[in-house]
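Below you'll find the structure, written out as structure tokens, and then a few comments.
The values are calculated or read from the model by the stated rules, or taken from the named source; none is laboratory data. Everything numeric here is computed off the predicted structure, so don't read it as measured data. Here Cβ is always computed from backbone atoms with ideal geometry, including for glycine, and neighbour counts include all displayed protein chains. The accessibility values were calculated without ligands, DNA or RNA, using every heavy atom of the protein model including side chains. Shrake-Rupley method; radii C 1.70, N 1.55, O 1.52, S 1.80 Å.
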Amino acid sequence: MSNLKTKTEKKGYFGPYGGQFIPETLRPALLQLEEAYEAFKNSQEFQDKFKWELKEYVGRPTPLYFAANLTKHYKGGKIYLKREDLNHTGAHKINNAIGQILLAQFMKKKRIIAETGAGQHGVATATVAARAGLECVVYMGAEDMERQYPNVQRMRMLGAAVEPVHSGTATLKDATNEALRDWLKNVEHTHYIIGSAVGPYPFPVIVRDFQKIIGEETREQINEKANRLPDYILACVGGGSNAIGIFYPFLSDKNVKLIGVEASGKGIDSGEHSATLSRGAAGVFHGMRTYLLQDSEGQVQLPYSLSAGLDYPGVGPEHSFLKDQQRVDYVYADDRQALDAAKLLTRLEGIIPALESAHALAYLEELMPKTKSDDIIIINLSGRGDKDMNIYSEYLK
């Protein structure tokens, strides 16, 4: 596995996954984006600016918190939480949004668009666009707008136009479709800030690189606290940005077990889930070749999760590659398990997690009995649960 990273960066592909499956009219925009990003990576000025923004505006580094009460509850290894919920705007999404707004300014774009599911990426994009003084349009499924209305209000207060999408399931998949249509029509002056490690190349690489700060900090922090690397790292997986962000710096460390937790919704065999890597097959979707939920005729299946941020029928192509390479173990947790895990963390640690993050927490029920007292388990707490209080309130009733 020591050469995983070099393999994943070959010509826009991660093994057989990734690529650019897009209309020809978008190719010049993707080439411009690739060239701008290469210049950004090689510019010390822009790198310094990115690091400054993460430190002074976002509030990084986020803590690596030892969850003593949760550890005591499970009577197994030591549990640490990487507190991405403490970032400005309440989730890991701001890391990528900061990086991409700098790219947009470098390319002299005047308008920003984005898609959002749970609203955290939409809020992060609206936030950076407001600071940059750029017009911002966020596409959001009408169903998700109802589930995550507090984030809709935040985006509008930040000056973004939130466009409801009523087609299909009116969720993240359909919001992404509309954002891609917008970009196709307005590509000359518009930059599309994709929120997860999905889409045509170079988006999966760009998003991963802006999110890998999570894993880089985690590596340094656990070495300071324990003088060694962890035994397990867990993260929820929808499109996969928070997971690839914490996993990537550990890919070459064979003794660190990486576990991605998908949403199995109403049950993995119910037909109503979003467990793409567990139940999907390779196909082309949203400009990339990746694992995809599809029927016997290759038509995209409707995903389902109580968590709007995990309600997506595809996944980042790098995750598909890591599944095939058996470097990451992809498992799943259902709605009820996630809700129970969120309640447990809240009551024991006084931390209300995002419903997405609660799926990673839910897998502790299966993992912890297998651990020893000196094992170290790190969970990427990708966001806070303010946006999910309506769902949590119903659950508590």
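Structure notes:
- Share, in percent, of DSSP beta bridges within region 207-326 that are antiparallel, nearest 5: 60
- The charge dipole of the chain, taken about the Cα centre with unit charges on the Cβ atoms of Lys, Arg (+1) and Asp, Glu (-1), comes to about 860 debye, rounded to the nearest 20.
- On Cα atoms only, tilt of 93-106 relative to the major axis of the chain in degrees: 20
- Figure note: Glu217, Glu56 ranked by solvent-accessible area, largest first, 1.4 Å probe, ligands and nucleic acids not counted: Glu56, Glu217.
- Rounded to whole Hz, the Karplus (6.51, -1.76, 1.60) HN-Hα couplings of region 75-88, x for glycine and proline: 6, x, x, 7, 9, 10, 10, 7, 8, 5, 5, 8, 4, 4
- For Glu163, solvent-accessible area (1.4 Å; no DNA, RNA or ligand), Å²: 80
- Note on the chain: Cα-Cα pairs beyond 38 Å make up 11% of the total pair count.
- Peptides ranked, highest mean first, by Cβ atoms within 10 Å: ranges 259-271, 312-324: 312-324, 259-271
- DSSP-defined antiparallel bridges as percent of all bridges, the chain, nearest 5: 30
- Extent of region 303-397 along its three principal axes (Cα atoms, max minus min coordinate, largest first): 43, 37, 19 Å.
- Restraint check, Lys212/Lys343; Lys41/Lys109; Lys72/Lys225; Lys51/Lys72, Cα-Cα greater than 26 Å: Lys212/Lys343; Lys51/Lys72
- Using the rule -39500 (n - 2.57) for each DSSP H run of four or more residues, divided by the residues of the chain, the 222 nm mean residue ellipticity is -12500 deg cm²/dmol.
- Ser382 contributes an accessible area of around 10 Å² to the protein surface, as traced by a 1.4 Å probe with all chains present.
- Hits among aspartates and glutamates - C-alpha to C-alpha of Lys323 under 18 Å, sequence gap 8 or more where chains match: Glu9, Asp253, Glu262
- Most mobile of Asp295, Asp85, Asp209 in a GNM of the chain (Cα contacts under 10 Å): Asp295
- Heavy-atom accessible surface of Phe14, to the nearest 10 Å², is about 0 Å², with a 1.4 Å probe and all protein chains retained.
- Residues with amide H under 5 Å from that of Gly117, placed H, sequence gap 5 or more: Gly122
- Solvent exposure of the chain amounts to 39 Å² per residue of accessible area, where only protein heavy atoms count and the probe is 1.4 Å.
- Start at zero, step by 10 Å, and the Cα-Cα distances of region 54-134 spread as 17, 38, 24, 14, 6, 1 percent across the bins.
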